[in-house]
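**Student:** Take this structure, written in structure tokens, and hold onto it; I'll ask about it next.
The values are calculated or read from the model by the stated rules, or taken from the named source; none is laboratory data. Just so we're clear, the structure is a prediction, and the values are computed from it rather than from any experiment. FYI the Cβ positions are ideal-geometry reconstructions off the backbone, even for glycines, and counts take in every protein chain you see.
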Amino acid sequence: MSTASLSQAALLAELAGYGSDEPLRVVQVARALGVSDETAYREVRSGRLPSYRVGTGRGTIRIQREAFRAYLKARGIPVGVLGVAR
């Protein structure tokens, strides 16, 4: 399913949801949280949102879904209300 047409709440639920091990891109996380890409990258740089790089050179930043769920929980973002925390 394309994430471009989802509401912010639906996107947050889909990205934090269970059933997929596919890592997330920073822009996906930013869209789900309703923040700018730069804000999401700042969270990664600060270490508050654990990530890793894929590829050579600068690579591409990826975020494990479990790390994203932990980030949401630590900040009190109510993913359970969205039907995600099962």
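**Student:** Go through the stretch 49-65 residue by residue and tally those that are buried (at least 16 other Cβ atoms within 10 Å of the Cβ) and assigned to a loop (DSSP other than H, G, I, E, B).
**Tutor:** 2
**Student:** Shifting gears a bit: Suppose the filter is modelled with pLDDT under 85, surrounded by 16 or more Cβ atoms within 10 Å (Cβ to Cβ), hydrophobic (A, V, I, L, M, F, W, C) and part of a loop (DSSP other than H, G, I, E, B); does residue 12 pass it?
**Tutor:** no
**Student:** Right, another one. Among the residues of the stretch 20-48, how many are loosely packed, with under 13 Cβ neighbours inside 10 Å and touching a helix residue (DSSP H, G or I) at 6+ places or on another chain (Cβ under 6 Å)?
**Tutor:** Summing the residues that are loosely packed, with under 13 Cβ neighbours inside 10 Å and touching a helix residue (DSSP H, G or I) at 6+ places or on another chain (Cβ under 6 Å) in the stretch 20-48 gives 1.
**Student:** Restricting the search to the stretch 32-76, which residues are small (Gly, Ala, Ser) and either in contact with a His (Cβ under 8 Å, 6 or more places away or on another chain) or within 16 Å of residue 12 (Cα to Cα) (or both)?
**Tutor:** 32, 34, 36, 40, 67, 70, 74, 76
**Student:** Looking at the stretch 17-48 only, could you name the residues that are small (Gly, Ala, Ser), at pLDDT below 90 and part of a loop (DSSP other than H, G, I, E, B)?
**Tutor:** Across the stretch 17-48, the qualifying residues are 17, 19, 20, 34.
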